[in-house]
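Below: one structure, written as structure tokens.
Just so you know, all these numbers are worked out from the coordinates, no wet-lab data involved. None of these values were measured; they are calculated from a predicted model. No Cβ is skipped: glycine too gets one built from the backbone with ideal geometry, and neighbour counts run over all protein chains shown.
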């Protein structure tokens with residue numbers, strides 16, 4: 001099911017906030033139909049990387065090729081066309097609070113297609129059913145639990161039958177059972193619809209369930225990339241520490257804390 | 001020496017910041033007009049339904065409060081002018097004063113300030129909350145331009161709503177003056193109506209309406225700009241909403257001054 005064909009290619013991506021380099025020389029390929037996990041701790045630049053992939057930020061240099069076209073150098077019209085093939089599930093689910101669930105899911109269909117309202121209705125129902133929210137069409141986002149909002153966000157991302165879905169921390173802030181449900185949903189969508197998925201996460205449990213390829217970030221650079229087994233057997237100290245869930249060395253962090261407090265080197 | 005350098009540094013930074021604000025506002029203006037005028041001509045559609053809904057919210061729903069305030073301001077202007085005019089036995093000129101100040105100044109100004117407080121703040125809070133909740137990002141990723149989706153309908157609604165409400169406010173303010181003059185001061189109603197119709201010329205109405213269109217522009221753009229500037233959480237929304245109302249009222253007074261000076265000379 002996962003082909004060797006590269007569908008997203010990131011080449012030497014550099015991103016800066018002012019003078020600070022957040023991502024430095026990121027290069028990787030995402031193969032068609034796989035679940036590609038971007039793994040990293042807080043401040044590793046993983047969310048910044050995702051925001052670049054979906055075009056919410058522009059890199060300082062480097063290229064992002066999506067199906068061979070450079071996303072960073074496109075005209076506004078070409079970007080909109082490409083975005084119709086993309087879905088994104090946000091960390092805060094980012095549903096429009098003023099619209100019902102059905103209207104949220106129907107929004108891209110209404111704005112981008114000339115479909116009849118009755119067709120849109122049916123499609124909306126199907127998408128909500130798909131994520132296990134059948135019967136919740138008329139609810140407002142504020143009336144739902146965190147896990148349900150995440151599912152609704154995924155239903156909206158699925159609205160245009162996308163080729164890619166990007167997930168920002170899909171299981172963050174959810175209890176283990178709900179989180180496992182979301183992981184299962186990601187896997188189901190990938191297996192049923194052959195959707196290429198890029199998932200940003202820091203949850204090892206999710207990674208074990210969903211990842212075909214794992215890309216590990218630290219301090220804006222890739223420290224390891226490969227299957228989960230390959231990374232688990234890696235000799236890189238940070239990867240070993242992350243997988244073993246070990247804290248930073250106590251001694252050095254205490255002296256660093258003292259330095260930060262006193263300002264004395 | 002260091003003090004002079006400090007001051008120069010502050011002035012420089014302030015200037016650069018203001019220029020950056022100017023640049024961002026200009027981009028916002030250009031994009032609004034592009035999505036309002038150019039894009040529909042190229043078949044990209046205009047969200048007319050959302051604009052109508054916004055017009056009802058900004059315009060129709062503000063009528064009760066604008067009407068009440070403007071009636072009271074009419075009463076106040078009448079009684080205050082009577083204080084001086086009575087000494088000269090010229091109470092019938094209350095009608096002239098109320099009519100001219102309502103049309104040229106007070107009705108447009110009161111309407112704009114009330115709509116700023118009511119809807120300018122709401123625009124900032126709505127867009128700010130959407131920004132904090134990643135809703136603006138979500139629109140963009142779905143290929144929906146936030147300017148087209150959010151700003152243009154509000155802009156069209158505001159630029160139409162402020163003059164429309166202003167016209168109603170003008171009539172109500174004159175009625176407030178009439179009410180106080182006839183019932184409190186004791187001016188003859190027929191004389192009051194005569195004096196009012198005699199004193200008003202078309203130019204007074206045009207002056208008020210031209211101003212109110214620009215008040216609408218200022219309210220909407222300040223509201224949107226401040227909303228898009230929100231960073232952080234609820235606190236950021238609160239700060240920008242306050243700032244939106246203050247900036248808006250300040251700009252309204254400046255626009256008012258510019259047009260008053262302009263109309264004074266032509």
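Compute the long axis of helix A:101-112 from its Cα atoms, compare it with the longest principal axis of the Cα atoms of chain A, and write down the angle in degrees, 0 to 90, nearest 10.
The answer is roughly 80 degrees.
Would you calculate the separation in nanometres between label points at residue B:263 and residue B:210, each defined as 7 Å from the Cα along the Cα-to-beta-carbon direction?
0.8
Using the Kirkwood radius over Cα pairs, work out the Stokes-Einstein diffusion coefficient for the range A:176-219 at 10 °C and 1.306 mPa s, in µm²/s as a whole number.
142
State the percent of C-alpha pairs, over all pairs in chain A, separated by a distance greater than 22 angstrom.
More than 22 Å apart: 59 percent of the Cα pairs in chain A.
Can you give the average number of partner chain beta-carbon atoms within 10 Å of each beta-carbon in peptide A:104-110, as a whole number?
So the per-residue partner count for this stretch is 2.
Per-residue Cβ counts within 10 Å, from other chains only, averaged over A:83-94: what number is that?
For peptide A:83-94, the averaged partner shielding equals 4.
What percentage of all Cα-Cα pairs in the range B:162-266 are separated by more than 24 Å?
Tail of the P(r) past 24 Å holds 46 percent of the pairs.
Using a Debye calculation, one point per C-alpha and no hydration shell, please list log10 I(q)/I(0) for the range A:128-261 at q = 0.11, 0.17, 0.18, 0.20 Å⁻¹ in order.
Cα-only, vacuum Debye calculation for the range A:128-261: -0.52, -0.97, -1.04, -1.18.
What does the highest-first list of B:86-94, B:10-18, A:185-193, B:73-81 look like by mean Cβ count within 10 Å?
Ranked by mean Cβ neighbours within 10 Å, highest first: B:73-81, A:185-193, B:86-94, B:10-18.
Let me know the volume per residue of the alpha-carbon convex hull for the range B:61-265, in Å³.
Taking only Cα atoms, the range B:61-265 has a hull volume of 121 Å³ per residue.
Per residue of A:159-168, count partner chain C-beta atoms within 10 Å of its C-beta, then hand back the mean as an integer.
1
I need the fraction of alpha carbon pairs in the protein assembly as shown separated by more than 38 Å, rounded to a whole percent.
44
What's the exposure ranking of B:135, A:81, A:169, A:137, going from fewest to most Cβ atoms within 10 Å?
Lowest count first: A:81, A:137, A:169, B:135.
Give me Rg over Rh for the range B:1-104, both radii from the alpha carbons and Rh done the Kirkwood way, two decimal places.
Taking Rg over the Kirkwood Rh, I get 1.28.
What is the distance in Å between the Cα centres of the range B:37-96 and the range A:45-65?
48
Given the -39500 (n - 2.57) contribution per DSSP H run of 4+ residues, what per-residue ellipticity at 222 nm results for chain B, rounded to the nearest 500 deg cm²/dmol?
After summing the helix terms and dividing by residue count, I get -25500 deg cm²/dmol.
Which whole number in µm²/s is D for the range A:94-161 by Stokes-Einstein, with the Kirkwood Rh taken over Cα pairs at 4 °C and 1.567 mPa s?
So the translational diffusion coefficient is about 112 µm²/s.
Please state the equivalent ellipsoid semi-axes for the range B:63-130: what are the square roots of 5 times the Cα gyration tensor eigenvalues, largest first, in whole Å?
The answer is 35, 9, 8 Å, longest axis first.
Only helical DSSP H runs with n ≥ 4 go in: add -39500 (n - 2.57) per run for chain A, normalise by residue count and round the 222 nm mean residue ellipticity to 500 deg cm²/dmol.
-12000 deg cm²/dmol
Give me the angle, in degrees from 0 to 90, between the Cα long axis of helix B:152-180 and the longest principal axis of the Cα atoms of chain B, rounded to the nearest 10.
Its long axis makes an angle of about 20 degrees.
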